[in-house]
1. Which loop-located GluC sites (Glu not before Pro) does segment 145-237 contain, where loop means any DSSP state but H, G, I, E or B and the Cβ has at most 16 other Cβ atoms within 10 Å?
2. Once amide H atoms are placed 1.01 Å from N in the peptide plane, what residues at a sequence separation of 5 or more from D154, or on another chain, have their amide H within under 5 Å of its amide H?
3. Whole-Hz Karplus ³J(HN,Hα) for segment 210-216, in order, using 6.51 cos²θ - 1.76 cosθ + 1.60 and θ = phi - 60°, x for Gly and Pro?
4. What residues have an amide H closer than 5 Å to that of T56, excluding those fewer than 5 places away on the same chain, when H is modeled at 1.01 Å from N in the peptide plane?
5. Which entries of K213/K239; K105/K224; K105/K213; K107/K213; K224/K246 show an alpha-carbon separation above 29 angstrom in the structure shown?
6. If I compute solvent accessible area with a 1.4 Å probe over the protein chains, what percent of it on segment 135-217 is carbon and sulfur?
7. Please give the contour-minus-distance gain from S293 to N216: 0.36 nm per residue of separation, less the Cα-Cα distance, rounded to one decimal in nm.
8. Roll a 1.4 Å probe over the protein chains and send me the accessible area per residue for segment 117-192 in Å².
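The values are calculated or read from the model by the stated rules, or taken from the named source; none is laboratory data. Worth saying up front: this structure is predicted, and the values here are computed from it rather than measured. For neighbour counting, all protein chains shown are included, and Cβ atoms are generated from backbone atoms with ideal geometry for every residue, glycine included. Areas reflect the complete protein model, heavy atoms only, side chains present, ligands, DNA and RNA absent. Shrake-Rupley method; radii C 1.70, N 1.55, O 1.52, S 1.80 Å.
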Amino acid sequence: MVGHQDCTMEEDTRDNCTPQFWRKTLTAPAPFADETSCQCQAPHEKLTIAQARLGTPVDRPVRVYADGIFDLFHSGHARALMQAKTLFPNSYLLVGVCSDDLTHKFKGFTVMNEAERYEALRHCRYVDEVIRDAPWTLTPEFLEKHKIDFVAHDDIPYSSAGSDDVYKHIKEAGMFVPTQRTEGISTSDIITRIVRDYDVYARRNLQRGYTAKELNVSFINEKKYRFQNQVDKMKEKVKNVEEKSKEFVNRVEEKSHDLIQKWEEKSREFIGNFLELFGPDGAWKQMFQERSSRMLQALSPKQSPVSSPTRSRSPSRSPSPTFPWLPNKSSPPSSPKAASASISSMSEGDEDEK
């Protein structure tokens, strides 16, 4: 919702409770009550809770007020404001935020300062207007000034500033509407977590560049935290190395499975080719048989027929002429003496021819 700097002169006369005005809170921060000149001009007749639940005219929304410290603004705060906003069909939610002075006086020290707490409320989608420096106890003058119809808060008695319940007079006037607290989340719970895990947060902030003085950490604790940070870094490195080694082992296993599978496929292919070549009915056996038959043919050719003219004219087959002085080759000599006699006779014959 726009602030006072965005209000024109025409808008100054317009009721800031009209739908055209508060609907802008969905796209812009809610305005501060003391910075806008757009004041509620609608008649402020007294409403009962029953009338408010039935619904009011469009130009007369029910003005609901919720107040608090809202330190470390969290989902519990947002849920309480959501309930306050949706108590009635047509409502305008004003949220009062107490200053640092009042809060430190009656409740204690805060984590966020008042400016941070004001800004946190401005950006909550359920808030239509923020009242800064809200009073600790609501007075009739304050209720009349802001034309508040009802006050929303949880029903647990809130004892503070010497009173058992600071909302007692609001309840007696019939202007109190209870909301439900969100269990498990509160500003005190968040602070308890921080205190419980103080060492962790101190070490983290030292690592991020904060000084020991800024963190209010002693010299000894600073050295201890920095040493612990170094140890954590080493643990992280070891963890990363272990993770990387596991990844490497997994990749090696995957590669080995692939290699084994490929080796099996290649071995089956090799064995199949070997059997095709050297098996009982393989190509090598057929080729060997063919070559063996060719060699046998080359070594032992076929004989020619007996009636061949060439063989009939062979000297071994032709009849030998009659030479009376030659011995018969078919009959060997009967004795050595006869052989020598025949040789001498052959020599004598040769001499005669000469």
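1. Numbers: sites: E172, E183, E214, E222, E236; in loops: E183.
Those that pass, being in a loop and sparsely packed, are E183.
2. The answer is T179.
3. In residue order, the calculated couplings are 6, 8, 4, 5, 4, 8, 6 Hz.
4. N90
5. Correct reply: K213/K239; K105/K224; K224/K246.
6. Carbon and sulfur atoms account for 50 percent of the accessible area of segment 135-217.
7. Numbers: separation 77, 0.36 × 77 = 27.72 nm, distance 10.69 nm.
This chain segment gains 17.0 nm when fully extended.
8. Details: 3950 Å² over 76 residues.
Heavy-atom SASA per residue in segment 117-192 reads 52 Å².
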